Amino acid sequence: MRLSDLIGHNGTASEIDIRGLTADSRAVEPGYLFAALSGTRAQGADFIGDAISQGAVAVLAEPTVTFDPSQAYLVADSNPRRRLALMAAQFFDAQPETVVAVTGTNGKSSIVEFVRQIWTQLGQTAASMGTLGVNVEGQASTPSLTTPDPVEVHRRLAELKSAGVDHLALEASSHGLAQHRLDGVRIKAAAFTNLSRDHLDYHDSYEDYFLAKLRLFGELLPPGGTAVLNTETPMFEEFLDICWGRGLKILTVGKGGDLALTRCAPDMDGQQLSLTLGRDEYQVTLPLIGDFQASNALVAAGLVIATGGDPKATVNALSNLKPARGRLELVAAHPNGARIFVDYAHTPDALQAVLQSLRPHTAGKLHIVFGAGGDRDRGKRPQMGAVSAELADKVIVTDDNPRREDPAAIRREILAACQDALEVADRHAAIAKAIADLQAGDVLVVAGKGHEQGQIIGDETLPFDDAEVVKSVLARLEASRG
């Protein structure tokens with residue numbers, strides 16, 4: 001593709017052939033455009049020379065950046081991140097016909113997976129993309145992909161389109177929205193789930209975090225697109241005002257919404273839902289535990305309906321939903337019948353939702369094993385400890401992904417708010433201890449890492465999967481009983 005096709009004007013740009021785009025100087029090949037982006041740890045401008053030596057023929061950078069113009073063509077832009085995303089959209093061009101995006105602190109992974117499952121039941125070739133990777137029915141999922149860089153986003157969109165995928169549900173993280181990674185994606189509908197404390201190690205303030213989420217509706221979803229909003233979130237009115245002001249269509253879900261939840265009654269393996277949409281009433285057996293999963297399912301149904309899904313078939317499809325991996329996932333049962341769940345909850349609100357959801361399904365005691373990530377928002381650690389102390393009967397505080405922080409220091413910050421908890425540093429040992437303490441009727445949730453298959457200690461990622469550890473501990477327990 002000619003550079004002139006990417007930047008919208010001719011001159012010498014019409015003579016330059018662009019064979020690829022990248023913001024990583026190590027990935028530059030002859031004929032590439034290198035995007036010199038400013039980062040938290042490195043400045044892309046420092047690597048322009050390396051990129052040119054490897055064959056870059058054009059450089060995207062801020063207007064203040066200068067270099068010998070005879071070496072490469074300079075594309076100057078005051079917002080190079082956004083410009084790179086729009087270039088990537090032009091370069092790869094193809095996208096699934098119907099794309100929906102989901103933002104919010106909690107629930108994104110579950111919702112995009114539920115949307116994919118519903119579309120598949122309705123006969124569509126569908127995919128989901130986000131923290132759980134890229135998932136397509138009948139295919140192995142790719143590794144975790146939480147709003148990757150824009151070049152990778154648009155490469156994946158083109159690959160999915162080429163593979164025959166016509167419907168895609170993707171996660172829109174606050175980092176991705178703030179860094180313009182989804183700009184250029186042709187989104188038809190978007191959903192907001194909820195907002196609670198998270199990522200304040202990256203965002204300057206809670207308001208900054210909120211504004212990053214709002215970009216999906218304030219800028220990326222075009223007028224005429226549909227916003228699916230949960231009436232029960234505290235930020236509902238703010239999002240509603242923005243959406244009305246931009247001429248977006250609006251579909252509300254939850255109590256009093258267009259797709260209204262009028263009754264939710266838990267049973268042993270899920271919950272019975274009563275729903276209304278217009279004049280139609282529906283009774284649904286949702287095979288998922290927790291009020292928040294009912295909310296996630298309704299948001300997913302709203303996105304499908306907003307993009308043309310038959311309402312009756314969509315609602316009926318909720319009866320066949322399966323939990324996303326590591327999202328309040330029932331992974332095993334103790335020989336005495338106690339059930340063991342794994343969940344990704346790593347914020348105070350998420351822990352609260354999980355524990356409150358499991359309580360009606362717990363005849364005995366409710367146990368939790370959790371920790372907190374290092375090099376991340378420290379302020380939420382005591383809040384997570386306080387929530388667990390209040391809502392669980394037995395608490396074990398262990399390591400999550402300590403990264404470069406002292407693991408013992410992280411645990412102390414949690415334990416300050418739950419002093420009766422047991423501290424077990426080794427996560428495997430903590431899970432084994434919790435399982436050993438289970439009695440008939442008890443429930444255990446191992447929280448914080450969910451689907452993750454590694455534990456980050458220092459600069460090293462060691463193999464670790466909560467679900468597999470649970471199963472291995474139970475297998476040894478069974479073997480010891482002969």
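The values are calculated or read from the model by the stated rules, or taken from the named source; none is laboratory data. Owing to the predicted nature of the structure, the values given are computational and were not obtained by experimental measurement. Here the Cβ is made from the backbone with ideal geometry for all residues, glycine too, and neighbour counts use every protein chain on show.
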Odd one out for Gly104, checked against (1) in contact with a Ser or Thr (Cβ under 7 Å, 6 or more places away or on another chain); (2) modelled with pLDDT of 95 or more = (2)
Quick one: would you say Leu195 is of a type in the set (A, V, I, L, M), buried (at least 20 other Cβ atoms within 10 Å of the Cβ) and at pLDDT below 85?
-> yes
Filter pass, Ser78 being of a type outside the set (D, E, K, R), under 34 Å from the mean Cα position of the chain (by Cα) and buried (at least 19 other Cβ atoms within 10 Å of the Cβ) = no
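Every residue, every condition in (1) in contact with a Cys (Cβ under 9 Å, 6 or more places away or on another chain); (2) more than 27 Å from Gly337 (Cβ to Cβ); (3) surrounded by fewer than 20 Cβ atoms within 10 Å (Cβ to Cβ), yes or no:
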{"residue": "Gly374", "(1), (2), (3)": "no, yes, no"}
{"residue": "Pro382", "(1), (2), (3)": "yes, yes, yes"}
{"residue": "Ala386", "(1), (2), (3)": "yes, yes, yes"}
{"residue": "Asp399", "(1), (2), (3)": "no, yes, no"}
{"residue": "Ala408", "(1), (2), (3)": "no, yes, yes"}
{"residue": "Gln419", "(1), (2), (3)": "no, yes, yes"}
{"residue": "Val443", "(1), (2), (3)": "no, no, no"}
{"residue": "Pro463", "(1), (2), (3)": "no, yes, yes"}
Residue list for region 268-311, restricted to those being of a type in the set (Gly, Ala, Ser) and within 25 Å of Ala101 (Cα to Cα) = Gly278, Gly290, Ala294, Ser295, Ala297, Ala300, Ala301, Gly302, Ala306, Gly308, Gly309
Pairs under 6 Å by beta carbon, first residue over 14 Å from Ala372 (Cα atoms) in region 441-464, partner polar (S, T, N, Q) and surrounded by fewer than 23 Cβ atoms within 10 Å (Cβ to Cβ), six or more apart or different chains?
-> Val443/Thr362; Gly454/Thr461; Leu462/Gln455; Phe464/Gln455
When region 359-373 is examined, which residues are found to be under 26 Å from the mean Cα position of the chain (by Cα) and not in a strand (DSSP E or B)?
-> Arg359, Gly371, Ala372, Gly373
Conditions (1) more than 22 Å from Arg181 (Cα to Cα); (2) in contact with a helix residue (DSSP H, G or I) (Cβ under 6 Å, 6 or more places away or on another chain); (3) crowded, with 18+ Cβ neighbours inside 10 Å -> Val100 fails only (1)
Only one of (1) crowded, with 23+ Cβ neighbours inside 10 Å; (2) under 16 Å from Ala447 (Cβ atoms); (3) at pLDDT 95 or above fails for Lys394. Which number is that?
-> (1)
In region 250-281, residue surrounded by the fewest Cβ atoms within 10 Å (Cβ to Cβ) [restricted to those that are under 24 Å from the mean Cα position of the chain (by Cα) and farther than 27 Å from Pro360 by Cβ] = Ile250
Among the residues of region 322-347, write down those that are hydrophobic (A, V, I, L, M, F, W, C), assigned to a loop (DSSP other than H, G, I, E, B) and touching a strand residue (DSSP E or B) at 6+ places or on another chain (Cβ under 7 Å).
-> Leu328, Ala338, Ala345
Residues in region 398-421: is at least one in a strand (DSSP E or B), modelled with pLDDT of 95 or more and either touching a Ser or Thr at 6+ places or on another chain (Cβ under 8 Å) or over 15 Å from Gly374 (Cβ atoms) (or both)?
-> no
Yes or no: Phe47 farther than 16 Å from Leu3 by Cα, of a type in the set (A, V, I, L, M, F, W, C) and surrounded by fewer than 23 Cβ atoms within 10 Å (Cβ to Cβ)?
-> yes
For region 257-268, enumerate the residues that are modelled with pLDDT of 90 or more and in contact with an Asp or Glu (Cβ under 9 Å, 6 or more places away or on another chain).
-> Gly257, Leu261, Thr262, Cys264
Could you please let me know if Arg412 is without any contact (Cβ under 8 Å) to a residue 24 or more places away in the chain and basic (Lys, Arg)?
-> yes
Filter region 451-467 down to residues that are among the acidic types (Asp, Glu) and more than 22 Å from the chain's Cα centre (by Cα) and give me whichever is nearest to Pro323 (Cα to Cα).
-> Glu460
Residue ID - nearest to the chain's Cα centre (by Cα), chosen from residues in region 164-186 that are closer than 15 Å to Ser128 by Cβ, in a loop (DSSP other than H, G, I, E, B) and at pLDDT 95 or above = Val185
